[in-house]
Amino acid sequence: MSDLSHLGSRQHGVERSWQQYREACEVLPWGTGTSSKRPAAALADDQPAQLDRARGSRVWDVDGNEYIDFRLGCGPITLGYGHPLVDQAAKEQMDRGVLTSLPVDLERRVAKLLTELVPCAEMARFFKGGGEAMYAATRVARHFTRRDRVVTCGYHGWHLTMDDTQPQAVRALFTDLPYGRTDAFAEYLKAYGQETACVCISGDYGALRPGDPFLADVRELTQRHGALLVVDEIVTGFRVRRGGIHEYFGVMPDLAAFAKGIANGYPLSAVVGRREIMEQWPMISITYGGEAVSLAAAEVVLGIYRDQDVIGRLWLLAERLQVGVNEVAARRGIPFRMHGLPVCPMMGFAADAEGGDRSRPASTRRDPAGYQTELFRGLYRRGIIPFPVMYESLAHTDEEMDYAVAAFDESLQEAYRS
Ligand SMILES: Cc1ncc(COP(=O)(O)O)c(C=O)c1O
């Protein structure tokens, strides 16, 4: 525990990081390109606004404070920051060329690894961001089925967010339905099944539970109506299982999108799926599709997932945290629970037990009673970077989980007292 003792008593404030963040807002809309990284104004005295560096399970803010990070770059850092083998491969690839004029064999090798590790992957195509891969999957589905309508379920990235930045005519073709409500999917497909190209599903973290027939039911419905099933494994892939929720529930989709778990933070995403569909790939192409540094990182990451039980370890760590936190909350009579699968749990506060509005990223959902804000304040003060979906990496330790449980215990008491 010796390397943990200094975390709770912060040596420095967070003024410098907020000053830098305010300066960033002068030249960057929202101060950063990732909305969920925006610091909360209500936590200006406690939450660091900018980080300086990251290593293993730890990050350091620009004021010099150290934290155990449960946010992990919003999910991708499954092996821990600065994994030596992954970074070594990336550095070596940098010397051989970041982007070349003709394909490199790495692209084939990483695609091959995905086909070996992911149940529904017979072929793969690479992108940079998760939302981009999901959007491509819907276009591939439209091309394959010659249909226009798309059903979404949960957050799939900004390309598929249907707000006033999308033309009305486009919005009319997209319908977002709630996770777990098979009846709503059945009703929609009964009305529009003939026009529906695909149904996209991302797991609702708070609602995922063993044996839930929902995904299998949607699979059956899509098959009946000739629509494709696209599973968004951007968070759940290489975390819940290597193949994400489709592997966990034993349901084979037509297409799936992967991103966060495949390259330990290097920008890489993939659309994978059935050969028959992938072989009819339309004109969807990006300049950076064969960017070799991320692919070199992914080759090592996927090799580690193939050779070691990474998922098993993530589950053990996550269960230790979830069980521990729920026990202390219950013991104190506090109506807070971490629910859903331990590797991607949702925080349920009494006033927001459902986990909030699913069409927004977990990190930007509303916090009606302010419990989350106060809980997070306590956690930051105790040297923890929290996230609405708490993530662990291979670099986290059992002792860090126990430290986090104790920090939750104290912070929950403060939050519910305030
Ligand atoms: C389930 C899910 N799908 C898609 C995305 C979008 O990925 P990206 O931000 O890389 O575009 C996210 C991002 O958080 C996500 O959580």
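The values are calculated or read from the model by the stated rules, or taken from the named source; none is laboratory data. Since the model is a prediction, treat every value here as computed from it, not as a measurement. Quick reminder, even Gly has a Cβ in these numbers, built from the backbone with ideal geometry, and neighbours come from all protein chains shown. To get the accessible areas, we keep the full protein, side chains included, count just its heavy atoms, and leave off ligands, DNA and RNA. Shrake-Rupley method; radii C 1.70, N 1.55, O 1.52, S 1.80 Å.
Miscellaneous remarks
- Options D63, D52, D45: the member that is of a type in the set (D, E), touching a strand residue (DSSP E or B) at 6+ places or on another chain (Cβ under 7 Å) and outside any helix (DSSP H, G or I): D52
- Put simply, of R209, R241, R313, R275 the only residue that is in contact (Cβ under 8 Å) with a residue 24 or more places away in the chain and in contact with a helix residue (DSSP H, G or I) (Cβ under 8 Å, 6 or more places away or on another chain) is R241.
- Beta carbons closer than 8 Å, at least 6 apart along the sequence or on distinct chains, pair a first residue in the range 154-176 that is free of Cβ contacts under 8 Å to residues at least 60 places away in the same chain and part of a loop (DSSP other than H, G, I, E, B) with a second that is away from the ligand (no atom under 16 Å from the Cβ) and of a type in the set (D, E, K, R) for M162/R171; L173/D148; L173/R149.
- Breaking point among (1) polar (S, T, N, Q); (2) more than 29 Å from E319 (Cα to Cα); (3) away from the ligand (no atom under 16 Å from the Cβ), for S57: (2)
- Subset of the range 68-104 [of a type in the set (D, E, K, R) and under 21 Å from T236 (Cα atoms)]: D69, R71
- Enumeration of residues in the range 271-298 that are under 13 Å from F126 (Cα atoms) and open to solvent by 30 Å² or more (accessible area, probe 1.4 Å): W281, S285, I286, T287, Y288
- Of residues in the range 198-214 being away from the ligand (no atom under 13 Å from the Cβ) and surrounded by fewer than 24 Cβ atoms within 10 Å (Cβ to Cβ), the one nearest to L177 (Cα to Cα): F214
- Screening R142 on (1) touching a residue at least 40 places away in the same chain (Cβ under 8 Å); (2) within 16 Å of the ligand (Cβ to nearest atom); (3) touching an Asp or Glu at 6+ places or on another chain (Cβ under 8 Å); (4) part of a helix (DSSP H, G or I) shows it passes everything except condition (2).
- Single residue of the range 215-232 satisfying the filter (among the hydrophobic types (A, V, I, L, M, F, W, C) and within 22 Å of A121 (Cβ to Cβ)) that is surrounded by the fewest Cβ atoms within 10 Å (Cβ to Cβ): A216
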